[in-house]
Amino acid sequence: MTTSQWAAVDAYFTELLAPADEALSAALTASTAAGLPEIAVAPNQGKLLHLLARVQGARNILEIGTLGGYSTIWLARALPADGRLVTLEYDPAHADVARSNIARAGLDEVVEVRTGAALDSLPKLEAEGAGPFDFVFIDADKVNNPRYVEWALKLSRPGTVIVVDNVVRGGKVATDHPDDPAVTGTREMFDLVAREPRLDATAFQTVGTKGYDGLLVARVVS
């Protein structure tokens, strides 16, 4: 198998099951034009997040790592009319692009984009009584993944679903790479989840237009 074959299969799935619409296409175009890194989830992965949130019956979603708001749009579309989504973005320029994309999608009344380091924003959410969240998607700097999962737990309830993106690190996650902080942070996150009695989790590998990677999916059980 080759990356071109992976991409072709992704394109086939996307065309049939997750076709682009004007808002989603515009979000990607605007993000590229603004110079944002092209690391948004693939369309079929965005549709997976959407379906997971709908199956969960999520009314209150937390996203850590907004980028240009592409995954945000997929998730926000899963919410009922009275639902809400809070998304945290470190880079103010990225947050501005995301706000524009979210408004273009007609979701600015549903989504709140907060700017700043997530580890500063998360305690503020707790102090405000913003939780519990029904669904949490973590797709930010990998070094802090253990802390993000800890905060997701604090802001959750029994039954909350937590999804962490980019957990395979090109296969490096299976071995220690002390020179790669992203791998170290990801392995620490897995260790935390494995020993945390409040979480029931699994992880799986993916291939496609985004290369070789994977997701962790966890459910808060108590």
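The values are calculated or read from the model by the stated rules, or taken from the named source; none is laboratory data. Owing to the predicted nature of the structure, the values given are computational and were not obtained by experimental measurement. Cβ sites come from the backbone with ideal geometry, for glycine too, and all protein chains shown count toward neighbours. When the accessible area is computed, the model is the full protein with side chains, heavy atoms only, and any ligands, DNA or RNA have been set aside. Shrake-Rupley method; radii C 1.70, N 1.55, O 1.52, S 1.80 Å.
Computed about the Cα centre, the dipole magnitude for the chain is approximately 480 debye when only Lys and Arg (+1) and Asp and Glu (-1) carry charge, each at its Cβ.
A 1.4 Å probe run over the chain, with the rest of the protein chains in place, finds 47 Å² accessible per residue.
Heavy-atom surface analysis with a 1.4 Å probe gives the stretch 45-148 a carbon and sulfur content of 51 percent of its accessible area. Computed from the C-beta positions of D120 and V9, the FRET efficiency with R₀ = 45 Å rounds to 0.65.
The listed residues W6, W151 rank as W6, W151 when sorted by accessible area, largest first, using a 1.4 Å probe. For the residues V217, V168, a 1.4 Å probe over the protein chains yields an accessible-area ranking, largest first, of V217, V168. Over the chain, dividing the summed -39,500 (n - 2.57) contributions of all DSSP H runs of at least 4 residues by the number of residues returns a 222 nm mean residue ellipticity of -13500 deg cm²/dmol. Pairs of Cα atoms in the stretch 12-120 fall into 10 Å distance bins, from 0 up to the last occupied one, in shares of 16, 50, 31, 3, 0 percent. Look at the Cα gyration tensor of the stretch 104-163: its axes a ≥ b ≥ c give a/c under 1.5, and that counts as rounded. If R0 is 35 Å, the Cβ-Cβ spacing of T32 and R157 corresponds to a FRET efficiency of close to 0.40. Which of the following values of Cα extents along the principal axes in Å was calculated from the structure shown: (i) 45, 42, 32; (ii) 65, 54, 26; (iii) 57, 37, 31? Matching entry in (i) 45, 42, 32; (ii) 65, 54, 26; (iii) 57, 37, 31: (i).
Within the assembled protein chains, the solvent-accessible surface assigned to H94 is about 40 Å², based on a 1.4 Å probe.
Maximal additional length on extending the L17-D91 stretch stands at 23.4 nm, based on 0.36 nm per residue less the C-alpha distance. Across the options L28, T184, A218, the greatest Cα extent toward the positive end of the charge dipole of the chain (unit charges at beta carbon of Lys, Arg, Asp, Glu) belongs to A218.
The distance linking the stretch 148-200 with the stretch 21-95 is 21 Å (Cα centroid to Cα centroid, whole angstrom).
When the stretch 52-122 is described by a simple charge dipole with +1 on each Lys and Arg Cβ and -1 on each Asp and Glu Cβ, the residue from Q56, L67, G83 located farthest towards its positive end is Q56.
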